[in-house]
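Worksheet for the structure shown next.
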Amino acid sequence: MVTAVGALGVALPFVLLSRQQVPATPIAPTGSADLSPSTPLDRSTLTTASAPFHLKVDLSDRTVTLYRGENPVREYPIAIGRLGWDTPIGNFQVAQKFRDPNWINPLTDEWVAADDPQNPLGGYWIGFWTDGRDWVGFHGTPDTNSVGTATSHGCIRMHTEHIQELFEVIDLNTPVEVAL
């Protein structure tokens with residue numbers, strides 16, 4: 001069991017500050033491959049390809065796109081940090097990957113076990129930013145309606161099946177670009 005100490009973007013009681021409707025399955029740009037998470041991911045091509053993966057988070061569109069080299073492989077809808085708890089912008093690398101993470105509330109230092117229904121991280125954690133105490137990363141959410149909104153404490157929330165798929169594909173040190 002691992003504890004994600006101070007994960008900033010977790011689900012706490014909050015007021016939704018922003019809502020944006022996003023399609024359940026994102027639409028790929030014209031002339032490109034189908035990036036929708038509803039399309040089965042051909043894992044054999046992912047494991048045999050030689051180009052490295054990287055992630056691009058688009059805060060304006062509230063999406064994260066998985067790339068293999070310069071080719072987009074998959075696009076997922078996300079929730080981002082709310083006003084005052086903005087998701088950090090910049091270039092980072094995946095520094096943590098945990099299954100069934102415990103969580104410590106960064107505001108109260110309350111510890112929440114992985115199997116507790118109140119644990120807001122879901123079954124997967126992919127950390128990419130820290131200030132030395134608190135972390136920001138990708139994680140699941142029991143509040144599926146929050147995906148597509150600016151409502152977290154900085155983290156990037158994803159649907160359970162999407163974070164699971166991403167967790168299985170990327171490795172530590174995978175580049176993460178976060179931009180407006």
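The values are calculated or read from the model by the stated rules, or taken from the named source; none is laboratory data. This is a predicted model, so every value here is computed, not measured. Cβ coordinates were reconstructed from backbone atoms using ideal geometry, including for glycine residues, and neighbour counts include every protein chain displayed.
Below are the figures for this structure:
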quantity	calculated
The stretch 153-180, residues that are in contact with a helix residue (DSSP H, G or I) (Cβ under 9 Å, 6 or more places away or on another chain) and part of a helix (DSSP H, G or I)	T160, E168, V169
Criterion: in contact with a strand residue (DSSP E or B) (Cβ under 7 Å, 6 or more places away or on another chain) and either farther than 14 Å from V178 by Cβ or not small (G, A, S) (or both) - qualifying residue of R133, R62	R62
Residue match in the stretch 90-107 (condition: out of contact with any helix residue (DSSP H, G or I) (no Cβ under 8 Å at 6 or more places or on another chain), of a type outside the set (A, V, I, L, M, F, W, C), without any contact (Cβ under 8 Å) to a residue 12 or more places away in the chain and surrounded by fewer than 22 Cβ atoms within 10 Å (Cβ to Cβ))	no
Residues located in the stretch 49-63, provided they are assigned to a loop (DSSP other than H, G, I, E, B), of a type in the set (S, T, N, Q) and at pLDDT 95 or above	S60
Among (1) under 13 Å from H159 (Cα atoms); (2) in a strand (DSSP E or B), the one test that G127 misses	(1)
Matching entry among L66, L16, L83, L46 (being modelled with pLDDT of 65 or more and not in a strand (DSSP E or B))	L83
Single condition V5 does not satisfy, out of (1) modelled with pLDDT of 50 or more; (2) surrounded by 14 or more Cβ atoms within 10 Å (Cβ to Cβ); (3) within 18 Å of G140 (Cα to Cα)	(1)
In the stretch 86-109, the residues that are part of a loop (DSSP other than H, G, I, E, B) and either aliphatic (A, V, I, L, M) or modelled with pLDDT of 95 or more (or both)	D86, T87, P88, I89, V94, A95, D100, L107
Scan of the stretch 49-69 for residues that are in contact with a Leu (Cβ under 9 Å, 6 or more places away or on another chain) and farther than 20 Å from R157 by Cβ, ordered by number	F53, H54, Y67, R68
